[in-house]
Amino acid sequence: MSINSRQETDTPIGFTEVKRQTSDPRLRWSWVEPSIWTENMLTALENGVKGGKWFSIIDKVYSLKTLKLAWAKVKANKGAAGVDGVSIERFTTNEDKYLQELSNELKEGSYSPQPVKKVYIPKGKGKTRPLGIPTIKDRVAQQAAKLVLEPILENEFLSTSYGFRPNKGAKDALREVDKLLKVGDTWVVDVDITEFFDTIPHEKLMDKLRNYVADRKYLQLVEKWLNQKIMEEGKAWNPIKGSPQGAVLSPLLANLYLHDLDVLMKNKGFRMIRYADDFVILTDNETDARRALEIIQKWTMENDLTTHPEKTHVGNCLIEGQGFDFLGYRFECRKKWVRRKSISNFRDKVRQMTKRTCGKSIEKVIEKLNPTLRGWYNYFKHVDKWDMNTFDAFVRRRLRAILRKFNKRPGFGRSSRDHKEWPNSFFANLSLFSMHKTRGLEIACQSRCGNS
(Lines give C-alpha, C1' and ligand atoms only; values in the text may rest on other atoms or scores of the structure.)
Protein backbone atom coordinates (compact mmCIF):
# COMPACT_ATOMS: atom_id res chain seq x y z
CA MET A 1 0.00 0.00 0.00
CA SER A 2 1.41 3.28 -0.72
CA ILE A 3 1.84 6.02 1.94
CA ASN A 4 -0.66 8.15 0.11
CA SER A 5 -3.42 5.66 0.77
CA ARG A 6 -2.39 5.49 4.42
CA GLN A 7 -2.52 9.24 4.76
CA GLU A 8 -5.99 9.51 3.29
CA THR A 9 -7.52 6.87 5.57
CA ASP A 10 -8.56 8.26 8.94
CA THR A 11 -7.96 5.10 10.94
CA PRO A 12 -9.71 4.61 14.30
CA ILE A 13 -8.28 6.50 17.25
CA GLY A 14 -8.14 4.98 20.72
CA PHE A 15 -9.00 1.44 19.63
CA THR A 16 -8.93 -0.95 22.57
CA GLU A 17 -8.50 -4.65 21.94
CA VAL A 18 -11.09 -6.99 23.45
CA LYS A 19 -9.60 -9.78 25.56
CA ARG A 20 -9.69 -13.17 23.85
CA GLN A 21 -11.42 -14.76 26.83
CA THR A 22 -14.87 -13.22 26.59
CA SER A 23 -18.29 -14.70 27.24
CA ASP A 24 -19.65 -13.28 24.00
CA PRO A 25 -17.48 -14.00 20.91
CA ARG A 26 -19.46 -11.38 18.99
CA LEU A 27 -17.87 -8.62 21.06
CA ARG A 28 -14.50 -9.60 19.68
CA TRP A 29 -15.67 -10.53 16.21
CA SER A 30 -18.11 -7.71 15.48
CA TRP A 31 -16.36 -7.03 12.17
CA VAL A 32 -16.89 -10.50 10.66
CA GLU A 33 -19.72 -11.32 8.28
CA PRO A 34 -22.38 -13.11 10.40
CA SER A 35 -23.79 -14.96 7.39
CA ILE A 36 -20.37 -16.64 6.96
CA TRP A 37 -19.12 -16.86 10.53
CA THR A 38 -22.07 -18.10 12.56
CA GLU A 39 -22.24 -18.14 16.36
CA ASN A 40 -21.25 -21.83 16.38
CA MET A 41 -18.24 -21.20 14.14
CA LEU A 42 -17.07 -18.29 16.27
CA THR A 43 -17.39 -20.41 19.39
CA ALA A 44 -15.28 -23.08 17.69
CA LEU A 45 -12.77 -20.41 16.72
CA GLU A 46 -12.53 -19.24 20.32
CA ASN A 47 -12.32 -22.72 21.83
CA GLY A 48 -10.11 -24.23 19.14
CA VAL A 49 -10.96 -26.78 16.47
CA LYS A 50 -9.72 -30.37 16.36
CA GLY A 51 -6.04 -30.49 15.46
CA GLY A 52 -5.95 -26.70 15.32
CA LYS A 53 -6.90 -26.77 11.63
CA TRP A 54 -10.05 -25.99 9.66
CA PHE A 55 -10.98 -28.89 7.40
CA SER A 56 -14.04 -27.68 5.48
CA ILE A 57 -14.35 -24.04 4.47
CA ILE A 58 -14.50 -24.06 0.64
CA ASP A 59 -18.31 -24.29 0.76
CA LYS A 60 -18.34 -20.91 2.49
CA VAL A 61 -16.29 -19.44 -0.38
CA TYR A 62 -18.50 -20.59 -3.24
CA SER A 63 -21.73 -19.77 -1.41
CA LEU A 64 -23.69 -17.27 -3.49
CA LYS A 65 -24.37 -15.27 -0.33
CA THR A 66 -20.62 -14.94 0.31
CA LEU A 67 -19.91 -14.00 -3.30
CA LYS A 68 -22.55 -11.27 -3.18
CA LEU A 69 -20.93 -9.83 -0.05
CA ALA A 70 -17.54 -10.03 -1.75
CA TRP A 71 -18.83 -8.32 -4.87
CA ALA A 72 -20.28 -5.46 -2.80
CA LYS A 73 -16.82 -4.84 -1.31
CA VAL A 74 -15.05 -5.03 -4.68
CA LYS A 75 -17.61 -2.67 -6.18
CA ALA A 76 -17.18 -0.18 -3.33
CA ASN A 77 -13.39 -0.21 -3.79
CA LYS A 78 -13.84 0.58 -7.50
CA GLY A 79 -10.56 0.06 -9.33
CA ALA A 80 -9.60 -0.56 -12.94
CA ALA A 81 -10.52 -3.43 -15.24
CA GLY A 82 -8.18 -6.39 -15.58
CA VAL A 83 -6.84 -8.10 -18.72
CA ASP A 84 -10.36 -9.07 -19.87
CA GLY A 85 -11.42 -5.42 -20.05
CA VAL A 86 -14.49 -6.00 -17.84
CA SER A 87 -14.99 -2.88 -15.73
CA ILE A 88 -16.96 -2.45 -12.51
CA GLU A 89 -19.77 -0.86 -14.54
CA ARG A 90 -19.90 -3.72 -17.02
CA PHE A 91 -19.83 -6.37 -14.28
CA THR A 92 -22.72 -4.56 -12.58
CA THR A 93 -24.98 -4.92 -15.62
CA ASN A 94 -24.80 -8.74 -15.41
CA GLU A 95 -23.77 -9.27 -11.79
CA ASP A 96 -26.26 -12.06 -11.01
CA LYS A 97 -25.14 -14.06 -14.03
CA TYR A 98 -21.42 -13.52 -13.34
CA LEU A 99 -21.73 -14.41 -9.65
CA GLN A 100 -23.70 -17.59 -10.37
CA GLU A 101 -21.11 -18.66 -12.95
CA LEU A 102 -18.32 -17.98 -10.46
CA SER A 103 -20.13 -19.95 -7.75
CA ASN A 104 -20.51 -22.94 -10.06
CA GLU A 105 -16.87 -22.84 -11.14
CA LEU A 106 -15.58 -22.65 -7.57
CA LYS A 107 -17.87 -25.47 -6.47
CA GLU A 108 -16.95 -27.75 -9.39
CA GLY A 109 -13.24 -26.94 -9.20
CA SER A 110 -13.15 -25.63 -12.77
CA TYR A 111 -12.34 -22.05 -11.75
CA SER A 112 -9.14 -20.77 -13.32
CA PRO A 113 -7.96 -17.20 -12.67
CA GLN A 114 -6.96 -15.02 -15.60
CA PRO A 115 -3.54 -13.31 -15.77
CA VAL A 116 -2.89 -10.34 -13.50
CA LYS A 117 -2.29 -7.10 -15.39
CA LYS A 118 0.97 -5.57 -14.18
CA VAL A 119 1.24 -1.79 -14.22
CA TYR A 120 3.64 0.68 -12.66
CA ILE A 121 2.51 3.64 -10.58
CA PRO A 122 4.60 6.70 -9.59
CA LYS A 123 6.56 6.41 -6.35
CA GLY A 124 8.33 9.78 -6.29
CA LYS A 125 11.54 11.18 -7.78
CA GLY A 126 10.89 9.42 -11.07
CA LYS A 127 10.61 5.99 -9.42
CA THR A 128 7.71 3.57 -9.80
CA ARG A 129 6.37 0.55 -8.00
CA PRO A 130 4.61 -2.46 -9.54
CA LEU A 131 0.91 -3.03 -9.03
CA GLY A 132 -1.04 -6.11 -10.05
CA ILE A 133 -4.61 -5.71 -11.29
CA PRO A 134 -6.63 -8.96 -11.29
CA THR A 135 -9.90 -9.14 -13.22
CA ILE A 136 -13.10 -8.14 -11.41
CA LYS A 137 -14.17 -11.79 -11.32
CA ASP A 138 -10.89 -12.85 -9.71
CA ARG A 139 -11.08 -10.00 -7.20
CA VAL A 140 -14.55 -11.17 -6.15
CA ALA A 141 -13.29 -14.74 -5.72
CA GLN A 142 -10.29 -13.57 -3.66
CA GLN A 143 -12.49 -11.32 -1.54
CA ALA A 144 -14.78 -14.27 -0.80
CA ALA A 145 -11.78 -16.38 0.19
CA LYS A 146 -10.54 -13.54 2.41
CA LEU A 147 -13.90 -13.20 4.19
CA VAL A 148 -13.63 -16.87 5.13
CA LEU A 149 -9.91 -17.02 6.01
CA GLU A 150 -9.36 -13.72 7.79
CA PRO A 151 -10.99 -14.61 11.16
CA ILE A 152 -8.97 -17.84 11.31
CA LEU A 153 -5.70 -15.94 10.97
CA GLU A 154 -6.81 -12.97 13.07
CA ASN A 155 -7.32 -15.41 15.91
CA GLU A 156 -3.54 -16.02 15.78
CA PHE A 157 -2.04 -12.64 14.86
CA LEU A 158 -0.38 -10.53 17.58
CA SER A 159 -1.39 -7.03 18.63
CA THR A 160 2.00 -5.68 17.47
CA SER A 161 0.95 -6.09 13.82
CA TYR A 162 -1.11 -3.15 12.56
CA GLY A 163 -1.26 -3.22 8.76
CA PHE A 164 -4.35 -4.32 6.81
CA ARG A 165 -6.14 -5.61 9.89
CA PRO A 166 -9.68 -5.00 11.19
CA ASN A 167 -9.96 -2.09 13.64
CA LYS A 168 -6.22 -1.38 13.45
CA GLY A 169 -4.19 0.99 11.34
CA ALA A 170 -1.22 3.28 10.87
CA LYS A 171 -2.26 5.74 13.59
CA ASP A 172 -2.34 2.94 16.15
CA ALA A 173 1.19 1.90 15.17
CA LEU A 174 2.42 5.49 15.36
CA ARG A 175 0.81 5.93 18.77
CA GLU A 176 2.71 2.88 20.03
CA VAL A 177 5.99 4.28 18.66
CA ASP A 178 5.30 7.57 20.47
CA LYS A 179 4.63 5.73 23.72
CA LEU A 180 7.84 3.71 23.59
CA LEU A 181 9.98 6.72 22.73
CA LYS A 182 8.55 8.64 25.68
CA VAL A 183 9.49 5.89 28.15
CA GLY A 184 13.09 5.91 26.91
CA ASP A 185 13.22 3.23 24.22
CA THR A 186 15.16 5.47 21.84
CA TRP A 187 17.45 2.92 20.19
CA VAL A 188 15.80 1.87 16.97
CA VAL A 189 16.19 -1.05 14.61
CA ASP A 190 14.73 0.23 11.35
CA VAL A 191 14.24 -2.69 8.95
CA ASP A 192 13.49 -2.69 5.24
CA ILE A 193 12.84 -6.00 3.45
CA THR A 194 13.87 -5.78 -0.19
CA GLU A 195 10.88 -6.21 -2.54
CA PHE A 196 8.98 -8.18 0.09
CA PHE A 197 5.72 -8.79 -1.80
CA ASP A 198 7.61 -9.86 -4.93
CA THR A 199 9.89 -12.32 -3.13
CA ILE A 200 7.59 -14.27 -0.77
CA PRO A 201 8.41 -17.94 -1.48
CA HIS A 202 5.26 -19.80 -2.48
CA GLU A 203 5.91 -23.16 -0.85
CA LYS A 204 6.95 -21.72 2.50
CA LEU A 205 3.88 -19.48 2.46
CA MET A 206 1.65 -22.47 1.76
CA ASP A 207 3.33 -24.41 4.59
CA LYS A 208 2.40 -21.59 6.96
CA LEU A 209 -1.18 -21.60 5.69
CA ARG A 210 -1.40 -25.40 6.13
CA ASN A 211 -0.78 -24.88 9.85
CA TYR A 212 -4.31 -23.46 10.08
CA VAL A 213 -6.22 -24.78 7.05
CA ALA A 214 -6.49 -28.41 5.97
CA ASP A 215 -9.21 -27.96 3.32
CA ARG A 216 -7.48 -29.29 0.19
CA LYS A 217 -9.74 -27.43 -2.24
CA TYR A 218 -9.24 -24.12 -0.43
CA LEU A 219 -5.46 -24.59 -0.44
CA GLN A 220 -5.52 -25.42 -4.14
CA LEU A 221 -7.46 -22.24 -4.77
CA VAL A 222 -4.82 -20.12 -3.00
CA GLU A 223 -2.07 -21.90 -4.97
CA LYS A 224 -3.86 -21.00 -8.21
CA TRP A 225 -3.69 -17.33 -7.29
CA LEU A 226 -0.03 -17.52 -6.29
CA ASN A 227 0.82 -19.18 -9.63
CA GLN A 228 -1.45 -16.88 -11.62
CA LYS A 229 0.21 -15.60 -14.79
CA ILE A 230 1.42 -12.00 -14.93
CA MET A 231 0.62 -9.97 -18.05
CA GLU A 232 3.13 -7.22 -18.72
CA GLU A 233 3.41 -5.29 -21.99
CA GLY A 234 1.48 -7.96 -23.87
CA LYS A 235 3.58 -10.88 -22.59
CA ALA A 236 2.45 -13.41 -19.98
CA TRP A 237 4.74 -15.27 -17.59
CA ASN A 238 4.37 -17.46 -14.51
CA PRO A 239 5.81 -16.13 -11.23
CA ILE A 240 7.91 -18.54 -9.18
CA LYS A 241 7.58 -16.44 -6.02
CA GLY A 242 5.75 -13.40 -4.67
CA SER A 243 2.17 -12.29 -4.19
CA PRO A 244 1.22 -9.29 -6.35
CA GLN A 245 0.46 -5.98 -4.64
CA GLY A 246 -3.05 -5.11 -5.67
CA ALA A 247 -4.45 -8.62 -5.24
CA VAL A 248 -7.17 -8.73 -2.56
CA LEU A 249 -5.67 -11.64 -0.64
CA SER A 250 -2.02 -10.45 -0.76
CA PRO A 251 -2.00 -8.29 2.42
CA LEU A 252 -3.52 -11.11 4.50
CA LEU A 253 -1.01 -13.62 3.14
CA ALA A 254 1.82 -11.15 3.77
CA ASN A 255 0.77 -10.80 7.42
CA LEU A 256 0.63 -14.59 7.67
CA TYR A 257 4.17 -14.92 6.33
CA LEU A 258 5.57 -12.40 8.83
CA HIS A 259 3.52 -13.68 11.78
CA ASP A 260 6.25 -16.11 12.84
CA LEU A 261 8.68 -13.18 13.03
CA ASP A 262 6.23 -11.31 15.28
CA VAL A 263 6.08 -14.32 17.59
CA LEU A 264 9.85 -14.81 17.56
CA MET A 265 10.58 -11.20 18.49
CA LYS A 266 7.97 -11.25 21.25
CA ASN A 267 9.42 -14.46 22.70
CA LYS A 268 12.89 -12.89 22.63
CA GLY A 269 11.56 -9.99 24.69
CA PHE A 270 11.49 -7.32 21.97
CA ARG A 271 8.66 -4.92 21.13
CA MET A 272 8.30 -4.90 17.36
CA ILE A 273 5.81 -2.53 15.74
CA ARG A 274 4.89 -3.76 12.28
CA TYR A 275 2.71 -2.37 9.50
CA ALA A 276 2.79 -5.06 6.78
CA ASP A 277 6.47 -5.28 5.74
CA ASP A 278 7.35 -1.93 7.34
CA PHE A 279 8.53 -2.38 10.93
CA VAL A 280 10.75 -1.05 13.70
CA ILE A 281 12.03 -2.39 17.02
CA LEU A 282 12.61 0.06 19.88
CA THR A 283 14.86 -0.68 22.85
CA ASP A 284 16.63 1.33 25.56
CA ASN A 285 20.20 0.32 24.66
CA GLU A 286 22.45 -0.34 21.69
CA THR A 287 23.37 -3.91 22.67
CA ASP A 288 19.76 -5.11 22.57
CA ALA A 289 19.13 -3.21 19.35
CA ARG A 290 22.02 -4.91 17.57
CA ARG A 291 21.00 -8.30 18.95
CA ALA A 292 17.47 -7.72 17.62
CA LEU A 293 18.84 -6.93 14.17
CA GLU A 294 20.91 -10.13 14.18
CA ILE A 295 17.82 -12.18 15.05
CA ILE A 296 15.81 -10.52 12.26
CA GLN A 297 18.53 -10.99 9.66
CA LYS A 298 18.86 -14.67 10.57
CA TRP A 299 15.08 -15.16 10.34
CA THR A 300 14.78 -13.38 6.99
CA MET A 301 17.64 -15.45 5.56
CA GLU A 302 16.02 -18.69 6.72
CA ASN A 303 12.74 -17.58 5.15
CA ASP A 304 14.23 -16.56 1.79
CA LEU A 305 13.89 -12.81 2.36
CA THR A 306 16.57 -10.11 2.25
CA THR A 307 16.98 -7.01 4.41
CA HIS A 308 18.00 -3.95 2.42
CA PRO A 309 21.65 -3.18 3.32
CA GLU A 310 21.28 0.60 3.03
CA LYS A 311 17.76 1.15 4.31
CA THR A 312 18.15 -1.10 7.36
CA HIS A 313 20.00 0.49 10.27
CA VAL A 314 20.47 0.72 14.04
CA GLY A 315 20.64 4.16 15.65
CA ASN A 316 19.92 6.34 18.65
CA CYS A 317 17.09 8.58 17.51
CA LEU A 318 18.01 11.18 20.14
CA ILE A 319 21.05 11.99 17.99
CA GLU A 320 20.64 14.11 14.88
CA GLY A 321 20.96 12.01 11.75
CA GLN A 322 20.22 8.71 13.53
CA GLY A 323 16.44 8.98 13.58
CA PHE A 324 14.06 6.86 11.54
CA ASP A 325 11.19 7.14 9.09
CA PHE A 326 8.01 5.20 9.79
CA LEU A 327 4.64 5.41 8.08
CA GLY A 328 5.26 8.88 6.64
CA TYR A 329 6.75 10.42 9.79
CA ARG A 330 10.34 11.19 10.75
CA PHE A 331 11.29 10.57 14.41
CA GLU A 332 14.44 12.30 15.60
CA CYS A 333 15.77 14.38 18.53
CA ARG A 334 12.55 13.95 20.55
CA LYS A 335 10.48 15.37 17.72
CA LYS A 336 8.41 14.03 14.88
CA TRP A 337 7.68 15.66 11.57
CA VAL A 338 6.48 14.83 8.08
CA ARG A 339 9.27 13.11 6.24
CA ARG A 340 10.39 14.82 3.05
CA LYS A 341 9.19 12.00 0.83
CA SER A 342 5.67 12.42 2.21
CA ILE A 343 5.80 16.17 1.63
CA SER A 344 6.92 15.55 -1.92
CA ASN A 345 4.07 13.08 -2.45
CA PHE A 346 1.60 15.61 -1.05
CA ARG A 347 2.82 18.35 -3.37
CA ASP A 348 2.72 16.02 -6.37
CA LYS A 349 -0.86 15.03 -5.60
CA VAL A 350 -1.96 18.66 -5.18
CA ARG A 351 -0.23 19.56 -8.45
CA GLN A 352 -2.17 16.82 -10.23
CA MET A 353 -5.44 18.18 -8.86
CA THR A 354 -4.68 21.84 -9.58
CA LYS A 355 -3.40 21.91 -13.13
CA ARG A 356 -3.85 25.32 -14.70
CA THR A 357 -5.37 23.64 -17.76
CA CYS A 358 -7.88 21.53 -15.79
CA GLY A 359 -10.82 23.40 -17.34
CA LYS A 360 -12.83 23.36 -14.10
CA SER A 361 -14.17 26.26 -12.10
CA ILE A 362 -12.22 27.19 -8.98
CA GLU A 363 -15.19 26.05 -6.87
CA LYS A 364 -15.08 22.58 -8.46
CA VAL A 365 -11.31 22.33 -7.98
CA ILE A 366 -11.66 23.21 -4.28
CA GLU A 367 -14.54 20.77 -3.84
CA LYS A 368 -12.38 17.95 -5.22
CA LEU A 369 -9.30 19.06 -3.29
CA ASN A 370 -10.85 19.36 0.18
CA PRO A 371 -11.17 15.61 1.02
CA THR A 372 -7.49 15.09 0.21
CA LEU A 373 -6.46 18.06 2.36
CA ARG A 374 -8.60 16.87 5.28
CA GLY A 375 -7.24 13.34 5.06
CA TRP A 376 -3.65 14.54 4.91
CA TYR A 377 -4.19 16.90 7.83
CA ASN A 378 -5.88 14.25 9.98
CA TYR A 379 -2.88 11.98 9.49
CA PHE A 380 -0.11 14.54 10.05
CA LYS A 381 -1.65 17.10 12.39
CA HIS A 382 0.48 16.06 15.39
CA VAL A 383 3.84 16.98 13.85
CA ASP A 384 6.27 19.10 15.90
CA LYS A 385 8.31 20.71 13.16
CA TRP A 386 6.17 21.96 10.30
CA ASP A 387 3.71 24.83 10.54
CA MET A 388 0.51 23.74 8.81
CA ASN A 389 0.34 27.15 7.16
CA THR A 390 3.27 26.02 4.98
CA PHE A 391 1.04 23.48 3.29
CA ASP A 392 -1.95 25.84 3.11
CA ALA A 393 0.21 28.44 1.37
CA PHE A 394 1.32 25.93 -1.26
CA VAL A 395 -2.29 24.99 -2.02
CA ARG A 396 -3.40 28.63 -2.29
CA ARG A 397 -0.49 29.43 -4.62
CA ARG A 398 -1.57 26.62 -6.94
CA LEU A 399 -5.13 27.96 -6.93
CA ARG A 400 -3.96 31.51 -7.65
CA ALA A 401 -2.09 30.16 -10.68
CA ILE A 402 -5.38 28.68 -11.96
CA LEU A 403 -7.12 32.03 -11.47
CA ARG A 404 -4.33 33.81 -13.35
CA LYS A 405 -4.83 31.37 -16.22
CA PHE A 406 -8.57 32.16 -16.23
CA ASN A 407 -7.63 35.84 -16.61
CA LYS A 408 -5.17 35.03 -19.42
CA ARG A 409 -2.19 36.00 -17.22
CA PRO A 410 0.06 32.94 -17.06
CA GLY A 411 2.14 32.77 -13.90
CA PHE A 412 2.80 30.89 -10.67
CA GLY A 413 0.53 32.85 -8.28
CA ARG A 414 3.41 34.20 -6.22
CA SER A 415 3.24 37.95 -6.84
CA SER A 416 1.99 40.51 -4.31
CA ARG A 417 -0.65 41.53 -6.85
CA ASP A 418 -2.01 37.97 -6.83
CA HIS A 419 -2.20 38.02 -3.02
CA LYS A 420 -4.09 41.31 -3.05
CA GLU A 421 -6.47 40.22 -5.79
CA TRP A 422 -7.14 36.82 -4.20
CA PRO A 423 -6.32 37.07 -0.46
CA ASN A 424 -6.56 34.15 1.93
CA SER A 425 -10.06 35.27 2.89
CA PHE A 426 -11.13 34.80 -0.75
CA PHE A 427 -10.38 31.07 -0.54
CA ALA A 428 -11.87 30.81 2.95
CA ASN A 429 -15.13 32.17 1.55
CA LEU A 430 -15.01 29.40 -1.06
CA SER A 431 -14.74 26.87 1.81
CA LEU A 432 -11.17 25.80 1.07
CA PHE A 433 -10.03 23.55 3.91
CA SER A 434 -7.32 25.23 6.00
CA MET A 435 -4.96 23.01 7.97
CA HIS A 436 -3.54 25.96 9.93
CA LYS A 437 -6.94 27.28 10.97
CA THR A 438 -8.27 23.83 11.84
CA ARG A 439 -5.22 23.07 13.98
CA GLY A 440 -5.60 26.39 15.80
CA LEU A 441 -9.24 25.69 16.57
CA GLU A 442 -8.41 22.19 17.84
CA ILE A 443 -5.65 23.50 20.11
CA ALA A 444 -7.95 26.20 21.48
CA CYS A 445 -10.67 23.61 22.13
CA GLN A 446 -8.20 21.30 23.91
CA SER A 447 -7.02 24.23 26.03
CA ARG A 448 -10.57 25.14 27.05
CA CYS A 449 -11.43 21.54 27.84
CA GLY A 450 -8.24 21.19 29.87
CA ASN A 451 -9.01 24.27 31.94
CA SER A 452 -12.59 23.35 32.60
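The values are calculated or read from the model by the stated rules, or taken from the named source; none is laboratory data. Please read all numbers here as calculations on a predicted model, not as lab measurements. No Cβ is skipped: glycine too gets one built from the backbone with ideal geometry, and neighbour counts run over all protein chains shown. We work out accessible area using only protein heavy atoms, side chains counted, and drop any ligands, DNA or RNA first. Shrake-Rupley method; radii C 1.70, N 1.55, O 1.52, S 1.80 Å.
Points worth noting:
- Modelled spin labels at K182 and S87, positioned 7 Å past Cα toward Cβ, are 4.9 nm from each other.
- Interchain or long-range residues, amide H under 5 Å from R271's placed H: L282
- For trypsin sites (Lys or Arg not before Pro), the sites in region 82-179 that DSSP calls loop and that have at most 12 other Cβ atoms within 10 Å are K125.
- Surface analysis of the chain yields an accessible area of 50 Å² per residue, using protein heavy atoms and a 1.4 Å probe.
- Cβ-based charge dipole, the chain, positive-most Cα from S35, G234, I200: G234
- Taking each residue as 0.36 nm, the span from D260 to K53 lengthens on full extension beyond its C-alpha to C-alpha distance by 72.8 nm.
- Each label point was placed 7 Å from the Cα along the Cα-to-Cβ direction; for S30 and L318 their separation is 4.1 nm.
- Carbon/sulfur fraction of accessible area - region 37-152, other protein chains in place, 1.4 Å, %: 51 percent
- Degrees separating the helix 95-108 axis from the principal Cα axis of the chain, which is the longest one: 40 degrees
- About the centre of its Cα atoms, the chain shows a dipole size close to 2400 debye [charges on the beta carbon of Lys, Arg (+1) and Asp, Glu (-1) only; nearest 20 debye].
- The Cα center of region 395-430 and the Cα center of region 49-105 differ in position by 48 Å.
- Pairwise FRET efficiency - E367 versus E46, Cβ, R0 = 51 Å, nearest 0.05: 0.60
- Measuring max minus min along each principal axis, the C-alpha atoms of region 337-399 give extents of 37, 18, 15 Å (largest first).
- Computed about the Cα centre, the dipole magnitude for region 207-313 is approximately 380 debye when only Lys and Arg (+1) and Asp and Glu (-1) carry charge, each at its Cβ.
- For region 186-290, the list of GluC sites (Glu not before Pro) that fall in a loop by DSSP and count at most 10 other C-beta atoms within 10 angstrom reads E233.
- Portion, in percent, of the accessible area of region 157-226 that falls on carbon or sulfur, probe 1.4 Å: 49 percent
- Under 19 Å from the Cα of K368 - aspartates and glutamates, other chains or at least 8 residues apart: E8, D10, D348, D392
- Taking each DSSP H run with n ≥ 4 as -39500 (n - 2.57) and averaging over every residue of the chain yields -15500 deg cm²/dmol at 222 nm.
- Top positive-direction residue, dipole computed over the chain with Cβ charges, set P122, Y212, G52: P122
- Exceeding the 18 Å Cα-Cα cut-off - candidates K168/K341; K118/K235; K68/K97; K78/K137; K78/K381: K168/K341; K78/K381
- When both bridge partners sit in the chain, DSSP labels roughly 85% of those beta bridges antiparallel.
- Remark: region 328-375 carries a charge dipole of roughly 260 debye about the Cα centre, counting +1 on each Lys and Arg Cβ and -1 on each Asp and Glu Cβ.
- Estimated FRET transfer efficiency when R0 is 45 angstrom, pair T199-E442 (beta carbons, to 0.05): 0.60
- Checking every one of the trypsin sites (Lys or Arg not before Pro) in region 392-452 against DSSP loop status and a limit of 14 other Cβ atoms within 10 Å picks out K408, R414.
- On a per residue basis, the convex hull of the C-alpha atoms belonging to region 39-126 measures out at 189 Å³.
- Taken over the chain, the ratio of Cα radius of gyration to 2.2 N^0.38 Å equals 1.08.
- Charge-dipole axis of region 295-452 as Lys and Arg at +1 and Asp and Glu at -1 on Cβ define it, positive-most pick from V383, S342, W422: W422
- Residues of type aspartates and glutamates that K146 reaches as a straight line, Cα spacing below 16 Å, ignoring anything fewer than 8 places off in the same chain: E33, D59, D138, E154, E156, D215, E223
- For H308, the amide hydrogen comes within under 5 Å of the amide hydrogens of D192, I193, T194, counting only partners 5 or more places away or on other chains and with H modelled in the peptide plane.
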